[in-house]
Amino acid sequence: MLSYRHSFHAGNHADVLKHIVQSLIIESLKQKDKAFVYHDTHSGAGRYDLSDERAEKTGEYKEGIGLIWECDDAPEAIKPYLDTIRALNQSNKLRYYPGSPKVGHSLLREQDRAIFTELHPSDFPLLLQEFRGDRQVKMYKEDGYARLKASLPPKERRGVVLIDPPYELKHEYQDVVDAIDESVKRWATGTYAIWYPVVYRKNIDLITKGLEKLGIRKILQIELGVAEDSEERGMTASGMIVINPPWTLEAQMKEILPWLQSKIVPETGHQFVQWVVPE
């Protein structure tokens, strides 16, 4: 169950999409002075060294963040995300890429806080090392869904939960639906951002149809593909399903996705923003 290592995939096209959406949600929360919580259920290591042999073995970052991090025509809305990348790479060389905890943490204000959970025995010590001593952060080496259940509703009553499991096991797609069902009963007004990989389209349909059956309103789906759907093993696309998205997110992603596709997958790719369940 714990064989997945994100270090092989850090900075790829799926990370770029996930972290852009994540940063847009957090930036929207900052429009009000009141504090919020950022909760990350599957945190990973915090940051990734792209010169590491695992990252170099796949080279996936070269077809993701490597194509856009120095672009001077990027949409204004993604600049907070790109600034996070640049802050980790002071030279002109792209060496480090932030995981979702690092992206989220970099955008917090003094009054905000973060909760990170990670079970992997190799990644959790790296996460601890990254944020040790930071009073805004609480870290747990335990099941992400169990910690989420124990943490809701948050005292701030405002915030976002990022759920991006490795989907190594078939039941993990249903686990996401079950986690949302339980969470929304505890905290109906929170924003929930679910990342998904398209390996087999039927698994994504399981999530969207499962969420529809919960009777929840305002579910937005955002997807970027690098190839057509296939029955062959391999990720052809990835996306984000956002429950209670900021009102600005749909329009922002309709501007950002065509630009992103033009930079990363201009010929074979696809992109869309659509409502699974409208308001």
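The values are calculated or read from the model by the stated rules, or taken from the named source; none is laboratory data. The structure displayed is predicted, hence computed values, not measured ones. Ideal geometry is used to build each Cβ from the backbone, glycine not excepted, and the neighbour counts take in all protein chains shown. Each accessible area value is taken on the protein alone, full model and side chains, heavy atoms only, with ligands, DNA and RNA left out. Shrake-Rupley method; radii C 1.70, N 1.55, O 1.52, S 1.80 Å.
If you restrict to DSSP beta bridges whose two residues both lie in the chain, what percentage is antiparallel, to the nearest 5?
Values: 24 of 40 bridges.
The antiparallel proportion sits near 60 percent.
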Net charge contributed by nearby residues that have their C-beta within less than 11 Å of residue 218 (K/R +1, D/E -1): -1
Provide the solvent-accessible area of residue 186, counting protein heavy atoms only and rolling a 1.4 Å probe, rounded to the nearest 10 Å². 90
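If you average the sequence gap of Cα pairs under 8 Å that are 6 or more apart and divide by the length of the chain, what percent do you get for the contact order? Before the final figure, lay out each step's value.
On the way: 499 pairs, mean separation 61.1, N = 279.
It rounds to 22 percent for the chain.
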222 nm mean residue ellipticity, helices alone, for the chain (DSSP H n ≥ 4; -39,500 (n - 2.57); rounded to 500): -11000 deg cm²/dmol
Leaving out ligands and nucleic acids, note down the accessible area per residue over segment 6-277 with a 1.4 angstrom probe, in whole Å². 45
HN-Hα J couplings of segment 229-246 from phi, Karplus 6.51/-1.76/1.60, θ = phi - 60°, integer Hz, Gly and Pro as x? 4, 8, 8, 6, 5, x, 7, 9, 6, 8, x, 10, 10, 10, 9, 6, x, x
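Where in the chain are the DSSP H helices whose C-alpha atoms run 15 Å or more along the long axis and whose mean Kyte hydropathy is at least 0.5? Don't skip to the answer; put the middle values down first.
Values: long enough: 13-29 (25 Å, 0.75); 172-186 (21 Å, -0.84); 201-213 (18 Å, -0.86); 249-264 (21 Å, -0.06).
Within the chain the helices that satisfy the rule are 13-29.
Within the accessible area of the chain, what % is carbon and sulfur when the probe is 1.4 Å and the other protein chains stay in place? Intermediate results must be reported in sequence, preceding the final value.
Details: 6170 of 12830 Å².
Its accessible area is 48 percent carbon and sulfur atoms.
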Projecting each Cα onto the charge dipole of segment 6-277 (Lys/Arg +1, Asp/Glu -1 at the beta carbon, about the Cα centre), which of 195, 262, 145 comes out farthest on the positive side? 145
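Over 31 Å between Cα atoms, which of 102/218; 93/218; 57/218; 34/202; 62/209; 18/209 qualify? Walk me through the numbers before you get to the answer.
Working: 102/218 27 Å; 93/218 41 Å; 57/218 40 Å; 34/202 40 Å; 62/209 34 Å; 18/209 21 Å.
Long pairs (Cα-Cα over 31 Å): 93/218; 57/218; 34/202; 62/209.
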